[in-house]
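Read through the structure below, which is laid out as structure tokens, and then see the notes.
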Amino acid sequence: MTENVVPILLFTLMIVLIVILFIVVFFIFTRLKSLEQRQGEGSATSLQQEKRGGSLLGFSGKAIWDALENPGKHPGVIEQLSSRYAFVLARHVEQVIDQGQLDRQRNRESVPESSAPIGGLRGEVQSWLPQSYVQRFYRVGGQSLTATEEELAELRSEVRGLVDEILHKLNMTDQGRGLGSLITSHTLDFISQARGEEYDASEAGDAQSQSQNTE
């Protein structure tokens, strides 16, 4: 009787061990798969953030403005930060002026927020401007569409003055030299050029009409 029970117990014990081993292997496999998935998602997120950018030397949005306004707090990176932010600042101002022109064409008004993603060669950077400047650049953009040549000259002067004021606040006078003229050439000067082309086309049409009438 005892001899018959022992094989049964051994067989049962073996089955139990196999089941336990299977559970342990399954648990380890599931755990490893979960870790791999998390690592893959983390790598994808890091890659996406790297492509998108979002910051300059660890500073983003208003933090860039605050760092440049108080250069003594970050002496190690402030020179490089101000040099790289000059392009971002120019694109941000141009974007606000462009939005003002576009909204005037659509007969609506929607002043942009202070923060805006600005694209660049190294990815996207979150830029920030005080709302008072955003409103003034936006207004300039809207007014430029219906301004006379004399009024456009005044708007150019206003934009350059505002840009110089910002550069002074951010201790970027050297890095931003000529930035105001660059911004107006990319925005307001296009209005004058477009009008000049219209006038040239109109004059050519009138000349052609007169020539046909003469014939």
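The values are calculated or read from the model by the stated rules, or taken from the named source; none is laboratory data. What you see is a predicted model, and the numbers here were worked out from it, not measured in a lab. A quick note on method: Cβ atoms are made from the backbone with ideal geometry, for glycine too, and the neighbour counts reach across all protein chains shown.
Here is the figure for region 50-91: residues that are under 14 Å from Ile118 (Cα atoms), in a helix (DSSP H, G or I) and modelled with pLDDT under 90 total 2.
Evaluate the following for Val163: is it in contact with a Leu (Cβ under 6 Å, 6 or more places away or on another chain) and modelled with pLDDT of 95 or more? Criteria met by Val163.
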